[in-house]
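Here's the structure, in structure tokens; my notes come after.
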Amino acid sequence: MRGLLACATLARRAAAASSTASSTAARRHLAGAAEVAEAELKKTALYDFHVAHGGKMVPFAGWSMPIQYKDTIMDSTLNCRANGSLFDVSHMCGLSLQGRQAIPFLESLVVADVAALKDGTGSLTVFTNDKGGAIDDSVVTKVNDHHVYLVVNAGCRDKDLAHIGAHMEAFQKKGGDVKWHVHDERSLLALQGPLAAPTLQLLTKEDLSKMYFSDFKMIDINGSACFLTRTGYTGEDGFEISVPSENAVDLAKALLEKSEGKVRLTGLGARDSLRLEAGLCLYGNDMEQHITPVEAGLSWAIGKRRRAEGGFLGAEVILKQLKEGPKIRRVGIFSQGPPPRSHSEIVSGAGENIGEVTSGGFSPCLKKNIAMGYVKNGLHKAGTEFKVVVRGKQYDAVVTKMPFVPTKYYKAP
């Protein structure tokens with residue numbers, strides 16, 4: 001979360017400046033810079049709602065987003081697992097591809113077998129570059145043969161839209177029938193946790209018990225025409241709800257009221273803890289332009305037909321890795337000492353560099369350090385021991401299977 005790091009850096013500088021003789025001038029300068037920065041940030045339709053409910057707003061991917069509310073990040077994480085959480089994820093970018101060749105076009109850019117999906121179902125996929133690296137990860141849904149709905153990461157929006165747009169223009173010039181629409185008129189809410197389904201059921205006539213993990217429907221929720229996907233980023237059962245922005249606040253209020261206070265507004269801080277406990281990648285940390293889906297442990301997202309036919313950017317590199325194995329692999333880690341963070345070095349018992357941590361922290365649920373990172377192939381098996389370096393000191397660590405906390409996705413019997 002580079003935005004969060006920048007915010008923390010600004011706070012530290014402000015504290016240091018206040019202890020100097022020129023503290024008043026420094027504070028004024030920093031305050032002015034902060035005001036300018038805040039003014040330049042985009043705001044979701046729920047911004048005032050967040051502030052009114054005690055949201056602590058921070059810069060994230062060009063948006064002003066709540067990192068937490070009145071609860072601590074640890075309490076919010078635990079409440080999501082025990083009851084439920086409501087996240088505003090409207091900073092993420094939803095878009096639709098439509099046309100007779102919408103699916104063939106998208107399959108030229110991602111590793112998923114989109115054509116094989118049943119109507120109204122989806123899957124995680126990865127946009128790749130010509131070297132097989134990840135441009136972004138995305139949940140893609142096949143609405144029908146001529147309509148695909150997907151959501152891309154906020155921090156990758158400009159890059160993704162430029163990438164898709166450039167390839168679409170070339171595709172159209174060759175006679176390809178595809179067009180797109182970016183859903184900037186809609187907001188996105190994520191309702192997660194054990195109370196997600198019973199709470200949402202009170203606001204729709206659709207029978208949610210017949211809607212399973214990764215299913216998608218266009219339905220009425222609280223009087224609004226919504227796109228509903230049974231998915232999330234926490235490891236819990238839950239939904240992502242795309243709602244017209246003018247109805248977003250009313251829907252958020254209704255969801256909180258129907259839960260009788262058990263579902264709570266939750267910020268980016270707990271969202272990061274939850275996704276780490278679930279062993280899910282954060283783009284920019286655990287996935288980047290130089291990391292392939294195979295290295296990231298996402299080989300399962302590459303469809304059988306795609307493995308046989310290729311046809312996506314970087315296919316030669318990725319298919320070779322599937323056959324021969326990658327040089328590095330993403331692993332889960334338990335460690336002693338202070339929690340390792342992104343870029344913490346991983347070394348062997350002899351002190352040889354064997355990898356790097358990409359995400360890490362203290363697990364509110366497990367009450368211990370957890371992390372993800374990349375190590376040399378062959379050192380990725382559960383039980384492999386090594387050291388992580390935190391603030392110049394080495395601490396014992398061991399590879400463990402992910403997810404760290406069991407997932408509770410609502411799947412078909």
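The values are calculated or read from the model by the stated rules, or taken from the named source; none is laboratory data. This one's a predicted model, so the numbers in the text were calculated from it and none came from an experiment. Cβ atoms come from the backbone with ideal geometry, glycine included; neighbour counts cover every protein chain shown. To get the accessible areas, we keep the full protein, side chains included, count just its heavy atoms, and leave off ligands, DNA and RNA. Shrake-Rupley method; radii C 1.70, N 1.55, O 1.52, S 1.80 Å.
The criterion of at least 2 residues that are under 14 Å from PHE87 (Cα atoms) is met, among strands (runs of 3 or more DSSP E) falling completely within segment 193-299, by 238-244, 263-265.
Residue pairs whose Cβ atoms lie under 7 Å apart, sitting 6 or more positions apart in sequence or on different chains, and linking a residue in segment 51-74 that is more than 26 Å from ASP184 (Cβ to Cβ) and modelled with pLDDT of 95 or more to a partner that is part of a loop (DSSP other than H, G, I, E, B) and of a type in the set (Phe, Trp, Tyr), are GLY54/TYR69. Considering segment 250-271, the residues that are of a type outside the set (Lys, Arg) and open to solvent by 40 Å² or more (accessible area, probe 1.4 Å) include one that is farthest from LEU203 (Cα to Cα), namely GLY261. Part of a loop (DSSP other than H, G, I, E, B), surrounded by 18 or more Cβ atoms within 10 Å (Cβ to Cβ) and touching a residue at least 12 places away in the same chain (Cβ under 8 Å): does that describe PRO406? So PRO406 fails the test.
Assess whether PHE213 counts as being open to solvent by 20 Å² or more (accessible area, probe 1.4 Å) and more than 28 Å from TRP63 (Cα to Cα). Judged against the criteria, PHE213 is a match. Criterion applied to GLY165, GLY223, GLY175, GLY132 was being closer than 30 Å to GLU316 by Cα, open to solvent by 50 Å² or more (accessible area, probe 1.4 Å) and either among the small types (Gly, Ala, Ser) or at pLDDT below 95 (or both), and the one residue passing it is GLY175. If I ask for residues that are part of a strand (DSSP E or B) and open to solvent by 40 Å² or more (accessible area, probe 1.4 Å), which ones from segment 69-100 would you list? Selection gives GLN98 alone.
Identify, by number, the condition in (1) β-branched (Val, Ile, Thr); (2) free of Cβ contacts under 8 Å to residues at least 40 places away in the same chain; (3) surrounded by fewer than 20 Cβ atoms within 10 Å (Cβ to Cβ) that VAL140 doesn't meet. Going through (1) β-branched (Val, Ile, Thr); (2) free of Cβ contacts under 8 Å to residues at least 40 places away in the same chain; (3) surrounded by fewer than 20 Cβ atoms within 10 Å (Cβ to Cβ) one by one, VAL140 breaks only (3). Pairs are defined by a Cβ separation below 9 Å, a sequence spacing of at least 6 or placement on different chains, a first member in segment 151-179 that is on the phi < 0 side of the Ramachandran plot, and a second member that is open to solvent by 40 Å² or more (accessible area, probe 1.4 Å) and modelled with pLDDT under 95; the pairs so defined are GLY155/ARG2. Strands (runs of 3 or more DSSP E) fully within segment 306-379 that include at least 1 residues being more than 25 Å from ALA278 (Cβ to Cβ) and without any contact (Cβ under 8 Å) to a residue 40 or more places away in the chain: 353-363. Number of residues in segment 287-334 that are open to solvent by 10 Å² or more (accessible area, probe 1.4 Å), more than 18 Å from ILE135 (Cα to Cα) and among the small types (Gly, Ala, Ser): the value is 3.
Could you say which residue among ALA382, ALA412 is in a loop (DSSP other than H, G, I, E, B) and more than 18 Å from GLY235 (Cα to Cα)? On inspection, the qualifying residue turns out to be ALA382.
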